[in-house]
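Note sheet for the following structure.
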Amino acid sequence: MTNIELSLWIEANYPTTAMSIAKRKPRYGVGVNDASHVTTPTVNGVRLRDPAYRAWANILKRACNPKCHAAHPTYSDVTVCKEWHSFSAFRAWWLASYREGWQLDKDLLVYGNREYGPDSCIYVPQWLNSFTIDSAASRGELPIGVSFCNKTGMYQSNCSNPITGKQHRLGYFTAPEEAYEAWIKRKLELAAHLKPEMDAIDQRIYPNVVTIIKAAE
């Protein structure tokens, strides 16, 4: 059963009751569960959760939970559009947009976006979702794609292929700026190679991917 099939099955078989509605509380102070069905029913002793509700709750957690912001400061200024404060509104979008096995992304349709909403979010495959992720915390002060090699005393440039997941060594350089330029060049080459796959998902993605790569530091 796919996640959409599970969501529809729960909706068809577990309508709300006065008791289930009475138990509902705002999610992170803003989210309103206004579904016409029980979103977390117990079936044969097993507690299920509507996959749409899980996705909605995760969005609200990232944007509205101070504990999440403390652990992940990059979410501290992220918001959720008012429309998606309503679970039923989010679920309607989710049923039309969800792709099995893909991940929700808020950054690829609108460059610099900081709000979750129907006009800025899209489901994309995992390789695309991770293609532009910046690992600043792990690389320290060096530019993205650059590390220092103690053995050679030089700066090394590496770029991961998003399809194979394999790291490609681009060479050793005397300055971090040179290693970074090698990373930028290779990253843009990979993006151009993958443009048809990106365009097949949404033609707004590729230009933003190029902008994100060029803005990376």
Notebook entry, point to check: Going 7 Å from the Cα of Arg47 in the Cα-to-Cβ direction, what parts of the stretch 13-30 have a backbone nitrogen less than 19 Å from that spot?
Noted result: 14-17, 19-29
Item checked: Hull volume in cubic angstrom per residue (convex hull over the Cα atoms of the stretch 4-65) -> 87 Å³
Checklist line | Helix-derived mean residue ellipticity, 222 nm - over the chain, DSSP H n ≥ 4, -39500 (n - 2.57), to 500 | finding: -12500 deg cm²/dmol
Check: If packing is taken as the mean number of other Cβ atoms within 10 Å per residue, what is the order of 177-188, 75-86, highest first?
Finding: 177-188, 75-86
Next item on the list: Only Cα pairs under 8 Å and at least 6 apart count here; give the relative contact order of the stretch 51-112 as a rounded whole percent.
Entry: 30 percent
Item checked: FRET efficiency, 1/(1 + (r/R0)^6) with R0 35 Å, evaluated for Gln126 and Met154 via beta carbons -> 0.60
Check: How long are the three semi-axes of the equivalent ellipsoid for the stretch 37-79, computed from the Cα gyration tensor as the root of 5 times each eigenvalue, in whole Å, largest first?
Finding: 28, 10, 6
Next item on the list: Would you kindly give the portion of the calculated P(r) for the stretch 147-217 that falls above 15 Å, as a percent of all Cα pairs?
Entry: 57 percent
Next item on the list: Provide the FRET efficiency to the nearest 0.05 for the Arg24-Ala200 pair, computing r from the beta carbons and using R0 = 35 Å.
Entry: 0.35
Checklist line | Qualifying lysines (Cα of each under 20 Å from Cα of Lys67; at least 8 residues distant if same chain) | finding: Lys25
Margin query: Just to be sure I understand the rule: take each whole DSSP H helix in the chain, project its Cα atoms onto its long axis, keep it if the span is 27 Å or more and its mean Kyte-Doolittle hydropathy is at least 0.5. Which ones pass?
Written below: none
Margin query: Of all beta bridges DSSP finds with both residues in the chain, what is the antiparallel percent, to the nearest 5?
Written below: 85 percent
Next item on the list: Determine one quarter of the surface area of the Cα convex hull of the chain, which equals its mean projected area, and express it in nm² to one decimal.
Entry: 14.5 nm²
Item checked: FRET efficiency, 1/(1 + (r/R0)^6) with R0 41 Å, evaluated for Met1 and Ala71 via beta carbons -> 0.80
Margin query: Quick check: convex hull over the Cα atoms of the stretch 86-193, volume per residue in Å³, rounded to an integer?
Written below: 132 Å³
Notebook entry, point to check: In Å, the Kirkwood hydrodynamic radius of the stretch 2-127 over pairs of distinct alpha carbons?
Noted result: 15.4 Å
Next item on the list: Take the solvent-accessible surface of the protein heavy atoms, probe 1.4 Å, and return the percent of it on the chain that carbon and sulfur atoms account for.
Entry: 53 percent
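The values are calculated or read from the model by the stated rules, or taken from the named source; none is laboratory data. Quick caveat, the model's predicted, so the values are computed rather than measured. Cβ sites come from the backbone with ideal geometry, for glycine too, and all protein chains shown count toward neighbours. For accessibility, only protein heavy atoms count, side chains too; no ligands or nucleic acids. Shrake-Rupley method; radii C 1.70, N 1.55, O 1.52, S 1.80 Å.
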